Amino acid sequence: GRVSVARGRQGPCAAYGAACSASLVANHGSMRALQRRECGAALSAGVNMILSPTTMLGSATAGFTSVRGRSHTFDARADGYARGEAIDAVTVRRADGAASSSAPRMVGSAIRQDGRSASLTAPNGQAQQGVLTASIADAAMQASEMASLEAHGTGTALGDPIEAGSLSAVFLSQPHRPREPLVVGSLKANAGHTEPGAGLAGVMKQLVQLGHALMPPNA
């Protein structure tokens, strides 16, 4: 809202309180607004700044954070996540015309809630499978077309195995499996868990990788 006031923008505007997925849910809203032609361009942003020890103390007391101070994503050493800071923003426009053909594109999106699980913070494998299947369908793609996947990957002994199992269940059930191994990673292993900014941070990582892949060899 403050950005809209400062820049004089009057399109759809909303703040999303969806915890770790907040910036991704905001980006989902941006894509839907563009698809409905409610606006010509959309800005999604996620911010996490560690300005007080209170949240850090609460997370450590609850056993969420790593005693080693690092997110060991999909690693036998996984014992929790390391907190990180981020201020990230993505501008999305409709891919109208040939000028947009060479730019990285977002072609599908889906959001879901875990519903009932073992606890408030425990993931639900069935729900994870559902949102992944829905996002592939929304993009009108096949799983075999995917080369890499940015996982939530917090580096916890509970969450990582459930997520890995969900990914396996979806991709092994597809009629056309990828010929090459699917590369699965998480920015949290390098930048920590940026909480409300985590989703878009992962998207930006993938867009940078895709941009490099599309870049001419001599560029």
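The values are calculated or read from the model by the stated rules, or taken from the named source; none is laboratory data. Keep in mind that what you see is a predicted model, and the values were worked out from it rather than measured. Backbone-built Cβ (ideal geometry, glycine too); neighbour counts: all protein chains shown. Areas reflect the complete protein model, heavy atoms only, side chains present, ligands, DNA and RNA absent. Shrake-Rupley method; radii C 1.70, N 1.55, O 1.52, S 1.80 Å.
In table form, for the structure just shown:
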{"read-out": "Residue within the range 170-184 that is modelled with pLDDT of 85 or more, closer than 29 Å to T91 by Cβ, open to solvent by 40 Å² or more (accessible area, probe 1.4 Å) and not in a loop (DSSP other than H, G, I, E, B) present", "value": "yes"}
{"read-out": "Among (1) in a loop (DSSP other than H, G, I, E, B); (2) farther than 18 Å from V25 by Cβ; (3) open to solvent by less than 50 Å² (accessible area, probe 1.4 Å), the one test that A189 misses", "value": "(1)"}
{"read-out": "Residues of the range 20-64 classified as among the hydrophobic types (A, V, I, L, M, F, W, C), open to solvent by 70 Å² or more (accessible area, probe 1.4 Å) and either assigned to a loop (DSSP other than H, G, I, E, B) or out of contact with any strand residue (DSSP E or B) (no Cβ under 7 Å at 6 or more places or on another chain) (or both), total", "value": "5"}
{"read-out": "Output for the range 110-128, where each listed residue is open to solvent by less than 50 Å² (accessible area, probe 1.4 Å), not small (G, A, S) and not in a loop (DSSP other than H, G, I, E, B)", "value": "Q128"}
{"read-out": "Yes/no for T156 being touching a Leu at 6+ places or on another chain (Cβ under 6 Å) and among the β-branched types (V, I, T)", "value": "no"}
{"read-out": "Where I136 falls short, out of the listed (1) open to solvent by less than 20 Å² (accessible area, probe 1.4 Å); (2) more than 15 Å from the chain's Cα centre (by Cα); (3) β-branched (V, I, T)", "value": "(2)"}
{"read-out": "Any hit, the range 147-165, residues being surrounded by 16 or more Cβ atoms within 10 Å (Cβ to Cβ), hydroxyl-bearing (S, T, Y) and part of a loop (DSSP other than H, G, I, E, B)", "value": "yes"}
{"read-out": "Residue that is touching a residue at least 24 places away in the same chain (Cβ under 8 Å) and either in a loop (DSSP other than H, G, I, E, B) or over 19 Å from G155 (Cα atoms) (or both), where the choices are S71, S4", "value": "S71"}
{"read-out": "Considering residues of the range 86-109 that are exposed (fewer than 12 other Cβ atoms within 10 Å of the Cβ) and within 17 Å of the chain's Cα centre (by Cα) only, the residue modelled with the highest pLDDT", "value": "T91"}
{"read-out": "Subset of the range 1-19 [open to solvent by less than 60 Å² (accessible area, probe 1.4 Å) and either in contact with a strand residue (DSSP E or B) (Cβ under 7 Å, 6 or more places away or on another chain) or farther than 20 Å from V131 by Cβ (or both)]", "value": "S4, G8, G11"}
{"read-out": "Residues within the range 43-61 that are out of contact with any Ser or Thr (no Cβ under 6 Å at 6 or more places or on another chain) and over 30 Å from R93 (Cβ atoms), tallied", "value": "11"}
{"read-out": "Tally of residues being part of a loop (DSSP other than H, G, I, E, B), surrounded by 13 or more Cβ atoms within 10 Å (Cβ to Cβ) and in contact with a Lys or Arg (Cβ under 8 Å, 6 or more places away or on another chain) across the range 74-83", "value": "2"}
